[in-house]
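The values are calculated or read from the model by the stated rules, or taken from the named source; none is laboratory data. Just so it is clear, the model here is predicted, and its values are computed rather than measured. Positions of Cβ are generated from backbone atoms using ideal geometry, with glycine treated the same way; all protein chains shown enter the neighbour counts. Ligands, DNA and RNA are excluded from the accessible area calculation, which covers all protein heavy atoms including side chains. Shrake-Rupley method; radii C 1.70, N 1.55, O 1.52, S 1.80 Å.
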2 protein chains.
Amino acid sequence: MNDHPSTEAGRREAPIEVAILLFDGLTALDCLGPYEVLQNVPMIECKFVAEKPGLIRTEGGPLVIEAQHSLEAVRNPGVVLVPGGAGNRQLLKNQTVLDWLREAHRTSRWTTSVCTGSLVLGAAGLLDGLRATGHWMFLEPLHSFGAEPTSQRVVIEAEPRIITAAGVSAGIDMALRLLEILFAREVAEAAQLAIEYDPQPHIDAGSPAKAPAAAVELLRSDFAGYPTEAS
Amino acid sequence: MNDHPSTEAGRREAPIEVAILLFDGLTALDCLGPYEVLQNVPMIECKFVAEKPGLIRTEGGPLVIEAQHSLEAVRNPGVVLVPGGAGNRQLLKNQTVLDWLREAHRTSRWTTSVCTGSLVLGAAGLLDGLRATGHWMFLEPLHSFGAEPTSQRVVIEAEPRIITAAGVSAGIDMALRLLEILFAREVAEAAQLAIEYDPQPHIDAGSPAKAPAAAVELLRSDFAGYPTEAS
């Protein structure tokens, strides 16, 4: 829809800038799910930003995506989106990124995270006293940032304008919520229809409460070293 | 999970190669949804292939992803995945790509498409006499390739080993089916849990049957020129 703005609003107003933070070792779908939802909307302009622009290698596979903008070049985005991934262990102590995030949050309409991206918001001090979610395996560490971990798919804290989403695919649900908040329910509906988001997984193991114990254990053992291991 | 194969099978057997076809103007989530599902599995190795390896610009936005392999370099993948997107208008008459696809299908375990990727399978002559799906707006053109359009989220034709998925996000559901077929239900369950695919969209407009008429009309007018327009 980007090439053919269909509404008067799309032609008249400057688009809302969405800064998607990239870093080596991010989980691709954390940000590319929301990206696909948002970039279809003519009133939105997504920008991939990174501390060092260029090619960014995502977690655990060959996918490489390009960050076209430096953090300095996108200082006042309307929306900030922080994905998760094992690579964010570096971000948790990266003052340049955390400073940018704090600054961007001062003027953003919404500052958002998907999956373990919420730990980065936490490290930036943005979740103190708030309810927040993230990947089901990494909810507990949110306590250390003063947040109250919440097993919800999307948590919206309206006052400090923070939205956190659960693991990976939850970013799609979050982006649909965001479109309704920023524009109107009709915009969210059109975006949902455009990506035919009418989920019908043939199995029902998408949360630890529903999945067989064996699946939960498999993942827990795989990720056992995550919080401290060097990537 | 790639770095830590958890099963004996993961250590013993060569991984199944999944060739993901990239081209300028593809819809990113069509292939990156399935990619995120599949690449978590140690017994799978995803490879991004393109007629001309290098940086590939996706449809309608700034996302650029890298194709690391030429078609010639990946001639006998275990699985072929063809995404959709406006850019595939070029593929429909690109004999190099269609030849590669026909060749790859001779030895692949499964040849798959997401969204309008099914039109490319059709153009390669792989859907003749089969039921097939794709993005809801582009089901009719499947007739011209001898296929029977089917409004189903995932269509599995076991005999010629072809799986087609509906629009964009349906690739995630398709990849979960594929994991169960290739390995076991337990593998699909672990993959679903890893990406926390427990969809809870707050609206229910993900198919033309469920969406408000206004959303359907908006998309139809936006894409009106799609099948014939040059990109």
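Remarks
- The residues neighbouring A:Ser108, those whose beta-carbon lies less than 12 Å from its own, together hold a net charge of +3 under the Lys/Arg +1, Asp/Glu -1 convention.
- Candidates B:Val82, B:Val114, B:Val216: whichever shows maximal mean-square fluctuation once chain B is modelled as a Gaussian network with Cα springs under 10 Å: B:Val216
- Taking all protein chains together and rolling a 1.4 Å probe, B:Ile156 ends up with roughly 40 Å² accessible.
- Loop-exposed GluC sites (Glu not before Pro) per DSSP, neighbour cap 12 Cβ within 10 angstrom, longest uninterrupted part of chain A: A:73-228
- For the residues of A:144-155, the average number of beta carbons from a partner chain within 10 Å of their own beta carbon is 1.
- Size-normalised alpha-carbon gyration radius of the protein assembly as shown, reference 2.2 N^0.38 Å: 0.91
- Listed residues B:Leu63, B:Pro208, B:Ile156: farthest to the positive end of the dipole of chain B (Cβ charges): B:Ile156
- The residues A:Leu38, A:Leu55, sorted by heavy-atom accessible surface at 1.4 Å with ligands and nucleic acids left out, run A:Leu55, A:Leu38 from largest to smallest.
- Listed residues A:Ala213, A:Ala104, A:Ala86, most fluctuating in chain A (Gaussian network, C-alpha, under 10 Å): A:Ala213
- For B:Phe23, solvent-accessible area (1.4 Å; no DNA, RNA or ligand), Å²: 20 Å²
- Across the accessible surface of chain A, with the other protein chains kept in place and a 1.4 Å probe, carbon and sulfur atoms take up 48 percent.
- Charged neighbours of A:Leu130, selected by a Cβ distance under 11 Å, balance to -2 (K, R count +1; D, E count -1).
- With the convex hull constructed from alpha-carbon coordinates only, region B:13-201 shows a mean projected area of 10.1 nm² over all directions.
- For B:Tyr35, the accessible area of its heavy atoms, probed at 1.4 Å with every protein chain present, is near 0 square angstrom.
- Check: region A:13-201 dipole with +1 on Lys, Arg Cβ and -1 on Asp, Glu Cβ, in debye: 440 debye
- Between the listed residues B:Gln90, B:Ala123, B:Asn76, the Cα displaced farthest toward the positive end of the dipole of region B:1-141, a dipole computed from Cβ unit charges relative to the Cα centre, is found at B:Ala123.
- Options A:Ala28, A:His143, A:Leu176, ranked by Cα towards positive dipole end of chain A, top entry (Cβ charges): A:His143
- Accessible surface comparison of A:Ser70, B:Ser108, probe 1.4 Å, protein chains only, largest first: the order is A:Ser70, B:Ser108.
- Mean per-residue shielding of peptide B:54-61 is 4, counting Cβ atoms of other chains within 10 Å of each Cβ.
- The helix-only estimate of mean residue ellipticity at 222 nm for chain A, built from DSSP H runs of length n ≥ 4 each weighted as -39500 (n - 2.57), is -9000 deg cm²/dmol after division by the residue total.
- Cross-linked pairs B:Lys47/B:Lys210; A:Lys210/B:Lys210; A:Lys52/B:Lys52; A:Lys52/B:Lys47; B:Lys52/B:Lys210: Cα-Cα separations exceed 32 Å for B:Lys47/B:Lys210; B:Lys52/B:Lys210.
- Here chain A carries DSSP beta bridges of which approximately 30% are antiparallel, counting only pairs with both residues inside.
- Among B:Leu63, B:Leu218, B:Leu22, residue whose mean-square fluctuation peaks in a GNM of chain B (springs only between Cα atoms under 10 Å): B:Leu218
- Summed side-chain charge close to B:Thr58 - residues other than B:Thr58 whose Cβ falls under 10 Å, Lys, Arg +1, Asp, Glu -1: -3
- Note on the protein assembly as shown: with charges restricted to the Cβ of Lys and Arg (+1) and Asp and Glu (-1), its dipole about the Cα centre is near 280 debye.
- Zero-based 5 Å bins, Cα pair distances in region B:133-231, whole percents: 2, 10, 17, 20, 18, 15, 11, 6, 1
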